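Undergrad: Would you mind keeping the following structure in view while I ask a few things?
The values are calculated or read from the model by the stated rules, or taken from the named source; none is laboratory data. Small disclaimer: the values here were computed from a predicted structure and weren't measured. No Cβ is skipped: glycine too gets one built from the backbone with ideal geometry, and neighbour counts run over all protein chains shown.
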């Protein structure tokens, strides 16, 4: 059976990666977003194993200690992380997984999951990024400057990524299609298809 | 400017690569088939630089001696080969090139043109291949056996290729689309897109 592949999508705030990932998932429902584990309480309507895996703080810390989290972070006093077992099981079952994640976590996961494919999504340049951030109208000058500086640092990590997809304004659909082409192509790599040789012997 | 990429397509006789390449080129006229050099005379209607580069035997042999042919072969007393200069010039001009070629030549070119992408096209298995070869009704049992044995040797070289695309019966269009996805994905590789970093500095 065809094994699943893990696709990491990351990019600076303002790259539009959330929209691109949503378009990708709705156009290709066979792809699944990785489900994070968290120690925060489920909100009304949230379902364990669908929105998050809800686990206790003790269990989360035990999983960190025993190396069972592919990556994790804290936010507002709660842990959020990517559980290794669930990801590996889904891949074994042939499920392709999309993981939207920051650059630090992306690099950690790429080291631990062999064959993980890292795709960086960026705006075409820092001017467009700045215009997008200002266009939101929700962030102070200081925050915008910080985000631009951070974007610069993130984009410098491109050589550690496998692919770059540039998200021009109002092109989320084309961008999602391009990511899908990358997903298709990755499955055709000869390293994943050695079993054809047996079919000729 | 975006540089062109060279895509090598090879596969056993009966893989249907000729049809797939034709579909690919007619759906995506921006792609160009590599033009071979030959010492045979132009036939009526053939145009130099379009169907072939027609050159003299002396010139062809001089080019072989000075390493200016990426690969070559002889057939019916004439030379046929892939001229290096024309391929490199087209790539520099941003032109993607498709090269349909046998496995031996494919490996020679992959060594000489950095970043050349090798795609192997095969039938799903040797039974389908045999049925296709017999279906042609033009080849003796002996020739068919020889082709099957040769296909087996060719498919064994898959690990030297970058990608495998399986051509099921009557699926040339899907196959051409898959090759096109590979072409799109290859252009997104981070190694070809480092210039984005400057746009954030």
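Undergrad: Counting only residues that are touching a residue at least 60 places away in the same chain (Cβ under 8 Å) and farther than 17 Å from residue B:26 by Cβ, which one in segment B:180-190 is farthest from the other protein chains (Cβ to nearest Cβ)? Can you show your working first?
TA: Of all residues in segment B:180-190, those touching a residue at least 60 places away in the same chain (Cβ under 8 Å) come to B:180, B:182-183, B:186-187.
If we keep only those that are farther than 17 Å from residue B:26 by Cβ too, we end up with B:182, B:186-187.
Numbers: B:182: 5, B:186: 7, B:187: 9 Å.
Here the residue is B:187.
Undergrad: Could you run through segment A:161-179 and say how many residues are at the interface with chain B (Cβ under 8 Å from one of its Cβ atoms) and part of a helix (DSSP H, G or I)? Spell out the reasoning first.
TA: At the first step, the residues of segment A:161-179 found to be at the interface with chain B (Cβ under 8 Å from one of its Cβ atoms) are A:161-166, A:178.
The next check asks that each one be part of a helix (DSSP H, G or I); those that pass are A:178.
Residues in segment A:161-179 being at the interface with chain B (Cβ under 8 Å from one of its Cβ atoms) and part of a helix (DSSP H, G or I): 1 in total.
Undergrad: Could you tell me which numbered condition residue A:78 fails, if it satisfies all but one of (1) over 30 Å from residue A:149 (Cβ atoms); (2) in contact (Cβ under 8 Å) with a residue 24 or more places away in the chain?
TA: Going through the list (1) over 30 Å from residue A:149 (Cβ atoms); (2) in contact (Cβ under 8 Å) with a residue 24 or more places away in the chain, residue A:78 breaks only (1).
Undergrad: Give the residues of segment B:72-105 that are part of a helix (DSSP H, G or I) and in contact with a helix residue (DSSP H, G or I) (Cβ under 8 Å, 6 or more places away or on another chain), sorted by residue number. So that I can check it myself, show each step before the final result.
TA: Of all residues in segment B:72-105, those part of a helix (DSSP H, G or I) come to B:84-92, B:103-105.
Within segment B:72-105, B:84, B:103 qualify.
Undergrad: Yes or no: segment B:124-138 includes at least one residue that is touching a residue at least 40 places away in the same chain (Cβ under 8 Å) and under 19 Å from residue B:34 (Cα atoms).
TA: No, segment B:124-138 has no match at all.
Undergrad: Just need a number here: residues in segment B:40-71 that are in contact (Cβ under 8 Å) with a residue 24 or more places away in the chain and in contact with a helix residue (DSSP H, G or I) (Cβ under 6 Å, 6 or more places away or on another chain).
TA: So the count comes out to 3.
Undergrad: Can residue A:144 be described as touching a helix residue (DSSP H, G or I) at 6+ places or on another chain (Cβ under 7 Å) and surrounded by 20 or more Cβ atoms within 10 Å (Cβ to Cβ)? Give the steps one after another, and end with the answer.
TA: Values: touching a helix residue (DSSP H, G or I) at 6+ places or on another chain (Cβ under 7 Å): yes; surrounded by 20 or more Cβ atoms within 10 Å (Cβ to Cβ): no.
When the stated conditions are applied, residue A:144 does not pass them.
Rundown of residues vs (1) farther than 18 Å from residue A:186 by Cα; (2) modelled with pLDDT under 95, yes/no style:
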| site | (1), (2) |
| --- | --- |
| A:21 | no, no |
| A:26 | yes, no |
| A:39 | yes, no |
| A:56 | yes, no |
| A:67 | yes, yes |
| A:115 | no, yes |
| A:121 | no, no |
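Results for (1) closer than 20 Å to residue A:54 by Cβ; (2) in contact with a strand residue (DSSP E or B) (Cβ under 6 Å, 6 or more places away or on another chain), shown as yes or no for each residue.
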site	(1), (2)
A:76	yes, no
A:85	yes, no
A:92	no, no
A:100	yes, yes
A:103	no, yes
A:108	no, yes
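Undergrad: Pull up segment A:110-133, narrow it to residues that are part of a helix (DSSP H, G or I) and either within 11 Å of chain B (Cβ to nearest Cβ) or in contact with a strand residue (DSSP E or B) (Cβ under 9 Å, 6 or more places away or on another chain) (or both), then point me to the one that is surrounded by the fewest Cβ atoms within 10 Å (Cβ to Cβ). Give the derivation first.
TA: Here is the first cut: in segment A:110-133, the ones part of a helix (DSSP H, G or I) are A:110-112, A:126-133.
Narrowing further to those that are either within 11 Å of chain B (Cβ to nearest Cβ) or in contact with a strand residue (DSSP E or B) (Cβ under 9 Å, 6 or more places away or on another chain) (or both): A:110, A:112, A:126-130.
Numbers: A:110: 19, A:112: 15, A:126: 19, A:127: 12, A:128: 17, A:129: 25, A:130: 17.
Ranking the qualifying residues of segment A:110-133, first place goes to A:127.
Undergrad: A further question on this structure: Output yes when any residue across segment A:137-156 is within 14 Å of chain B (Cβ to nearest Cβ), at pLDDT 95 or above and not in a helix (DSSP H, G or I), and no when none is.
TA: yes
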